[in-house]
Structure formats: C-alpha cells, structure tokens
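Down below is the structure, laid out as structure tokens.
None of the figures in this text is laboratory data; all of them are computed from the coordinates on show. This is a predicted model, so every value here is computed, not measured. For neighbour counting, all protein chains shown are included, and Cβ atoms are generated from backbone atoms with ideal geometry for every residue, glycine included.
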Amino acid sequence: TKPVLGIIEHGGSRENNLVLPDGQAPNVHRTGGDPPYRMYFETGGPTNDLRLALSEDGLHWSEVPESPLIGMEYPRFPGSHEPFCVLYDPEDTAPTQRWKAYSLLHWVKPPGVPAGRSVGLWTSADGISWEEYPNNPIMSAEDGPEYEIHLPAVFRYRGYYLMFRDYMYINNATDAELAVSRNGI
C-alpha cells in the first residue's frame, strides 16, 4: 500500500507518499536517540556523498546542516565512493566501527585491469564523523569472476555479517550474490 502522506509537494500536489525530496538509497535507523530516527542517503544528483536527515516520527525528515557527512573522494586513484548501505552495529567490539558505511567504489581502471567498481568501507563511532577504512576496497571485482560489484547491502545475522550485492557482467546484466564475514570487513 502506498499511503497518501501529503508531506512533500511534487508537481503541484501533495497527493503522494514522498518523505524526502532529492534523496536516494535511504538507510533508516531507529537509534533511540533524540530524535529517534536517522536516515542516511545520497542525493539524486551527485551520488558520491553521504547525507543525514533526522526525524521524530519516521515520516517528517530534516537534513542536518553538517550534510554531507562524507564527500567521498577516493585519494589513491581517481574515483569516488558512492554510499549505499549504512549499518549500525552496536555489537562491534571496536567503538570506532559501530557505524559502517559500505559504498560502491568507483575507480578509473589502471591499464590492463578488466574489473571496475568494488566495495569500499567507512567507519564511525557516532555515525556523524567518518573515517575511510585504510585498506579499501574491502571487496574487489579483481578478486573474482565479476566484471564489477555493485550495491552492497549488509546486515548482521547470528554473529555473521551478510552482504548481498550485485554481480555485474560485462554486458551490464546482474545477478545477486551473497558474501559472509565475521568482522564486517
């Protein structure tokens, strides 16, 4: 069911279910903080930065003034991160890794390297200040038969981290793959 929420005006009407204009790839977390809901997202235009909106009720959102939290330029070779999945992980024993932002890592392929996009990682203690993981990418298309890896979605399950991601072929067709990790990295 797509409820008519009447929150955002679009095309001259509020007869829609929009909750945040110009946002894509939303990740919503109920943190119990004040306010209790966080939505991490990327903009509909340039998609290489991580933005944050807060909400009291999970429907009415306000982007925080500090957005973007991460302008994800990748320093070691030309390219950038595109955030896709943010995981709140209170069970991680390393306080600086309780928040994890998994990204689609764009990079310009060096000559002779057939693979492109891979998975990058940023970590944070509070979900506001982020640090790039020093050994990115954490999963590379160079390590397997994929032409590229796209759109990682990560969650915890029975002590493991499960990642579902797109396995992209050279013709841009995709299949879904599963990856399993003990540390989320």
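Observations, loosely collected:
- Two-site label geometry, Leu162 and Asp57: point separation in nm, points 7 Å out along Cα→Cβ: 3.4
- Anisotropy class assigned to the range 117-185 is prolate, per the alpha carbon gyration tensor with a/c at or over the 1.5 cut-off and a/b larger than b/c.
- Residues whose amide H falls under 5 Å from that of Arg98, counting only those 5 or more places apart or on a different chain, are Ser124, with hydrogens built in the peptide plane.
- Normalised by the number of residues in the chain, the mean separation of alpha-carbon contacts (under 8 Å, six or more apart) gives a relative contact order of 11 percent.
- Summary: within the chain, the longest segment free of trypsin sites (Lys or Arg not before Pro) located in DSSP loops with at most 11 other C-beta atoms within 10 Å is 77-157.
- R0 of 35 Å, Cβ-Cβ distance Ser129-Glu15: FRET efficiency to nearest 0.05: 0.30
- Span from the the range 24-66 Cα centroid across to the the range 156-170 one, whole angstrom: 23
- Estimated distance in nm for a label pair at Gln24 and Ser181, the labels positioned 7 Å out from Cα along Cα-to-Cβ: 2.4
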